[in-house]
Amino acid sequence: MPEGILCNRTPINTKEQLDAVLADKGGKQYYQEMEQLEVDVEKLQKSLQDTCKSRIRTWLEMCAHCGLCADSCFFYLANKKDPQQVPSYKILTTLGKIVEKNGNVDTAHMIYCMDTAWGKCTCCNRCGSFCPYGIDMGVMFSYLRGLCFSQGFVPWEMKIGSGMHRIFRAQMDVTPEDWVETCEWMAEEQQDEWPGLEIPVDKEGADIMYTVNAREPKHYPEDIAEAAILFHLAGENWTVPSLGWEQTSLTMFAGDWEGCKLQVQSVYEAIERLKPKRVVGTECGHAHRGTVIEGPYWVGREDGRPPAPYIHYVEWLAEALRTGKIKIDPAKKLKIPVTIQDSCNYIRNHGLKDITREIMSYIVEPGYFIEMYPNKEYNFCCGGGGGLNGIGRYRQWRNVGMKVKRDQIIATGAKLVIAPCHNCWDAIRDLEEVYELGIKWSFLKPLIIKMAIIPEHLKPQEEEEEEE
Amino acid sequence: MYNFITGPLLWITFIIFFVGLTVRVVLYIRGLDWRLDRVAYRKYPTLGLKGALSSIFHWLVPFGSHGWRAKPLYTIIFFIFHIGLVVTPLFLVGHAVILKERWGINWPTIPMLLADALTIAVMVTAVFIAIRRIGLPEVRIITTAYDYFLLLLTVLPFFSGFMAAHQFGDYVFWNYTHILSGMALLIAIPFTKLFHVVGYFLSRAQIGMDFGIKRAYKAKGGFAW
């Protein structure tokens, strides 16, 4: 059973392995090795026997080949209705064939499966809402990713992402020390403007424990500062854990179910250790999906819920605005055409559609908020979900796929797209770079900070001294 | 011959049909796994039931779902086809007469004219479905010979029944064809994707529970199918 040095069936568990794969820029050697990577048919058969049960088998068998899923897929639409992009076709020729042949497939087929599961599907689950039988091809593609991962047929960046989680319990190489230091640094930086602002680490029994996306400490620390400012402004009793602070799950995108469990466990352990009343996650879609919606099942929680109420940032923000914990200055409401990007992971897949609209009603001047069409549960993926944003091998495919979102945004005439999701935010930024629409894009946090009324007691004291 | 076909053979057919379907339903439900499917089926019976019913209902009604509304022409054809398939054999005078003669059961019937109209509608919509399979690239690419075979198998009892009922051609031939093809259809249901006669309800209930319990419990009124 030949396996490559970099491309193999073993997940990355050590820093050495990780460095070796990282050193192979763009995965050149990695993908060359993949061409020679043999399929472990026995292992695949065992996986099918253990995990492919009646739901998926019935879906594959019962599919009526009616093609009603075609128009639901943004890849199909963006690729000029290429029949090879029909969701049913994509799943039947990949997972369908593996199941039909009971795992007796070759390397070429597994590479085709990989290219389809990551390059032609973002697991946005939209097709599932258009199938008369309720066949959710996004769920099946996610399952297929798991099979591919266990056989070593996984995009280079996903292999790395999974390794990061396994080693650092974060999607990037951010150690607990890095994280805590970043928090301290951000709290310090804000002292002039926000005296008394704190980012309390490991405080037990707080009202809120806050979890983030590792990109924030790594590349966008200001996001953490913004979260701190808004909690400070709202007078929340909050904390961040020193361990278990990372909410995202590239392991989920990679199909690394064992890694998913390890990652989520670290967050749940923090919840159990610090016993917050509830947990708030950052403006990220897949982090919410991974840790709040799917996570409880990975760790085997029979109630299907995290150990404490765990809400998305938009839920906390809507509540803070509704209850007046944060007040918006009416003069500063947005007076430019604004639209909102519905993140598949917490709108279609967690029903939070009304929450984001409620926020819009507080922060956008009446008449300036424009809905995309279709929207809410039926929104299209931004084009970069499911890990696709980060995979170099499929960059061109992604850029074509983004045309659907581009056209949706153009149709609204909006100048600002609010994207309370890291993946959507990235995709829209790249969309602007590729297609130059002349739009701006933003998370909610920076917008709210600009609009919020700041109570006197939270303002810096110097002004008073100057006046004296 | 006739007695054998409409006697023991018919009984065997019904047994295979009902037992086959029952076994499949049981296997399906037993194969559901809360951990693998990531749906806490047992934990939230109310949310699950609501989700399942809403999911089934919205798709059972013409234009009841976003999906049906997105394809109005297909929806009309699809529902005519299925209504004809279910209503005609169940309430046909010719079938009710047999029930009356053999067991004295008074079975409700529909007028012959309506039965004829529905039978013709089944055949016409079946042709349309076949043309759609050939004509639309997104349907053609996933269509297999097996799909046409099942379509033929489904329509044959209607076509032959129509020929027999109106005594077009050789009555004996068409009547035997009708009875045998009807039996073949019933036997095929548990073993082919025609299993969807019950599989539809199971599959829609499952995805409905998924959304009701997990993926849409935060949405007012559940997932807006």
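The values are calculated or read from the model by the stated rules, or taken from the named source; none is laboratory data. Worth saying up front: this structure is predicted, and the values here are computed from it rather than measured. Positions of Cβ are generated from backbone atoms using ideal geometry, with glycine treated the same way; all protein chains shown enter the neighbour counts.
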Return the pairs, sorted by first residue and then second, in which the second residue is surrounded by 19 or more Cβ atoms within 10 Å (Cβ to Cβ) and among the aromatic types (Phe, Trp, Tyr), the first residue lies in the stretch B:185-202 and is more than 7 Å from chain A (Cβ to nearest Cβ) and more than 14 Å from B:THR13 (Cβ to Cβ), the beta carbons are less than 7 Å apart, and the residues are 6+ apart or on different chains.
B:LEU202/B:TYR28
Checked the stretch B:142-159 for anything within 11 Å of chain A (Cβ to nearest Cβ), touching a residue at least 24 places away in the same chain (Cβ under 8 Å) and in contact with a Pro (Cβ under 9 Å, 6 or more places away or on another chain); matches are none
Do we have any residue at all in the stretch A:39-53 that's modelled with pLDDT of 95 or more, in contact with a Leu (Cβ under 8 Å, 6 or more places away or on another chain) and surrounded by fewer than 17 Cβ atoms within 10 Å (Cβ to Cβ)?
yes
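Check the stretch B:130-139 and report whether any residue there is out of contact with any helix residue (DSSP H, G or I) (no Cβ under 7 Å at 6 or more places or on another chain) and at pLDDT below 95.
Of the stretch B:130-139, the ones out of contact with any helix residue (DSSP H, G or I) (no Cβ under 7 Å at 6 or more places or on another chain) are B:131, B:135-136.
Filter again for at pLDDT below 95, leaving none.
Looking through the stretch B:130-139, none of the residues is out of contact with any helix residue (DSSP H, G or I) (no Cβ under 7 Å at 6 or more places or on another chain) and at pLDDT below 95.
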On the given criteria, is A:TYR30 of a type outside the set (D, E, K, R), within 10 Å of chain B (Cβ to nearest Cβ), in contact with a helix residue (DSSP H, G or I) (Cβ under 7 Å, 6 or more places away or on another chain) and crowded, with 18+ Cβ neighbours inside 10 Å?
no
How many of the residues making up the stretch A:13-40 are part of a helix (DSSP H, G or I), under 26 Å from the mean Cα position of the chain (by Cα) and within 15 Å of A:ILE167 (Cβ to Cβ)?
6
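So for the stretch A:291-311 (the condition being in contact (Cβ under 8 Å) with a residue 40 or more places away in the chain and assigned to a loop (DSSP other than H, G, I, E, B)), does at least one residue qualify?
First, pick out the residues of the stretch A:291-311 that are in contact (Cβ under 8 Å) with a residue 40 or more places away in the chain: A:291-295, A:298, A:308.
Adding the requirement that they be assigned to a loop (DSSP other than H, G, I, E, B) leaves A:308.
Among the residues of the stretch A:291-311, at least one is in contact (Cβ under 8 Å) with a residue 40 or more places away in the chain and assigned to a loop (DSSP other than H, G, I, E, B), which makes the answer yes.
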Being in contact (Cβ under 8 Å) with a residue 60 or more places away in the chain, part of a helix (DSSP H, G or I) and within 20 Å of A:ALA117 (Cβ to Cβ) narrows it down to one residue among A:LYS43, A:LYS90; which is it?
A:LYS43
Condition (residue is within 15 Å of the chain's Cα centre (by Cα) and within 14 Å of chain A (Cβ to nearest Cβ)) applied to the stretch B:207-223: is it met by at least one residue?
no
Of the residues that make up the stretch A:414-428, is at least one at pLDDT 95 or above, polar (S, T, N, Q) and within 21 Å of A:TYR362 (Cα to Cα)?
no
Go through the stretch A:379-393 residue by residue and tally those that are more than 15 Å from A:TYR346 (Cβ to Cβ) and not charged (D, E, K, R).
9
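Only one residue in A:TYR112, A:TYR76 is within 28 Å of the chain's Cα centre (by Cα), buried (at least 19 other Cβ atoms within 10 Å of the Cβ) and in a helix (DSSP H, G or I), so which one is that?
Details: A:TYR112 fails: buried (at least 19 other Cβ atoms within 10 Å of the Cβ).
Just one listed residue meets the conditions, A:TYR76.
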Per-region count, the stretch A:121-135, residues within 27 Å of A:GLY390 (Cβ to Cβ) and touching an Asp or Glu at 6+ places or on another chain (Cβ under 8 Å):
4
Failed condition for B:LEU85, given (1) loosely packed, with under 14 Cβ neighbours inside 10 Å; (2) under 17 Å from the mean Cα position of the chain (by Cα):
(1)
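So that you can scan it fast, the table gives a plain yes or no per residue for (1) among the small types (Gly, Ala, Ser); (2) within 20 Å of the chain's Cα centre (by Cα); (3) buried (at least 23 other Cβ atoms within 10 Å of the Cβ); (4) over 20 Å from A:ARG289 (Cα atoms):
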site	(1), (2), (3), (4)
A:TYR310	no, yes, yes, no
A:TRP316	no, yes, yes, no
A:SER343	yes, yes, yes, no
A:GLU365	no, no, no, yes
A:PHE369	no, no, no, yes
A:CYS382	no, yes, yes, no
A:GLY387	yes, yes, yes, no
If B:THR177 satisfies every condition in (1) surrounded by fewer than 22 Cβ atoms within 10 Å (Cβ to Cβ); (2) within 13 Å of chain A (Cβ to nearest Cβ) but one, which is the exception?
(2)
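Show me the helices (runs of 4 or more DSSP H) entirely contained within the stretch A:197-264 in which 3 or more residues are touching a residue at least 60 places away in the same chain (Cβ under 8 Å) and surrounded by fewer than 24 Cβ atoms within 10 Å (Cβ to Cβ).
Where helices (runs of 4 or more DSSP H) fall fully within the stretch A:197-264 and carry at least 3 residues being touching a residue at least 60 places away in the same chain (Cβ under 8 Å) and surrounded by fewer than 24 Cβ atoms within 10 Å (Cβ to Cβ), they are A:221-233.
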